[in-house]
Every structure is written in C-alpha cells, then in structure tokens.
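The structure appears right after this line, and notes come after that.
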C-alpha cells in the first residue's frame, strides 16, 4: 500500500480557529456556534461575503494555524502506517501565499511548522509533504506517487475525471460518499477501511 492523505480539514481541524477569528472580526455574533462550514455559510451571506471568507481563510491557514488541532486518531493512523512499513504521503492543494492575506504568510511553511509541532513528522519523513498550486497538479502528484489509497475531505476531488483510476477513494467527512469507495466520519473508521480492523 501507498497511502496519500490530504492536509486541510483531513489531518487538521480548523473549526475552533475559524469560529474564534470570525467572532473577533465581528463577522458572526459573539454567541454564534458551529463548524467551519457553518461559519463559511454565514459569512458568504454578508456583502462581499466571498471575498471576506477568502480573507479569513488566508489568516486561519497562515498566522492562525497554531490554534488548529489534529483530528483525533490522525497521528495514531500515521504511526501505525510507519510501524507496518506503509509509505504515506501528504498531498495538498495549497498555494504558497493566500490571495487576500495582507501579511503574506507562507502557508506551506505554516503547515510544515504545525505538523512538526504536533508530532506528525515523527511518523513520516518531511520530504513526503507535497503542496501543489492547484487541483490538477494535486491529482497528477497522486498518480506520480502511485498511491493505492487516497484520503480527502472533498467529494469534488474524487469526482474529478482526472482523479487517477484504480486509487481507493476514502472520503473523510460528516456526509457525502456518492463518489467514493468508502465514507468515514472519523479516523478510527479510516483505519478500519485501510487495515480491515479497528486498529
């Protein structure tokens, strides 16, 4: 097996960071609660909502990334892969800089720093992190790495006709799965899908 894994919203959970940043900026009421998706949907209803959302993303994925947390079980999954000698790769659509981030924080270095601080790089070599400028390059990288499995939170990645044929598609999301081989809502289910047990 050669397992590819997306980064944003697959290994790293930004829900609390998006909520806090949106409240601080007055983009949602102070008593607003909900996931990243709920925050996004609320902001998009504002005047210039799409631009405001993209600016918030630039902050959270860059300067705000330190407040994000790993999804429970994600590190354990990578450690098990390392123990069992299974090659793993992070393949993420992530530009170097946010389009609307005035601070111009290097998003790729921010992600690497977060992974190192969270202990992810103890379970996999740093040279197995691939950040691509767009989805087309991401899909080409998955093919070039000869991944047998890929784990992603976005259905549209798997539905893209350029997604490599024969790769086992694991959707990591609260809902969905029409385009995928298996749908998992947590990393325990991912482990079961990959290893055939509860790990």
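The values are calculated or read from the model by the stated rules, or taken from the named source; none is laboratory data. As the structure is a prediction and not an experimental result, all values here were calculated from the model. Glycine gets a Cβ as well: all are built from the backbone with ideal geometry, and neighbour counts include every protein chain shown.
Of all the residues in the stretch 72-83, those that are surrounded by fewer than 19 Cβ atoms within 10 Å (Cβ to Cβ) and touching a residue at least 12 places away in the same chain (Cβ under 8 Å) number 7. Screening 40, 75 for residues that are at pLDDT 90 or above, assigned by TED's automatic domain parsing to the domain that holds residue 164 and touching a helix residue (DSSP H, G or I) at 6+ places or on another chain (Cβ under 7 Å) leaves exactly one candidate, 75. Taking the stretch 4-34, which residues are outside any helix (DSSP H, G or I), at negative phi and touching a residue at least 24 places away in the same chain (Cβ under 8 Å)? Hits for the stretch 4-34 are 4, 5, 6, 7, 8, 10, 11, 12, 13, 14, 25, 27. Per the listing 144, 159, the residue uniquely surrounded by fewer than 15 Cβ atoms within 10 Å (Cβ to Cβ), more than 15 Å from the chain's Cα centre (by Cα), free of Cβ contacts under 8 Å to residues at least 24 places away in the same chain and closer than 22 Å to residue 111 by Cβ is 144. Scan the stretch 99-120 for residues that are within 16 Å of the chain's Cα centre (by Cα) and either at positive phi or assigned to a helix (DSSP H, G or I) (or both) and jot them down. If the condition is that a residue be within 16 Å of the chain's Cα centre (by Cα) and either at positive phi or assigned to a helix (DSSP H, G or I) (or both), then 107, 108, 109, 110, 111, 112, 113, 114, 115, 116, 120 are the ones that fit.
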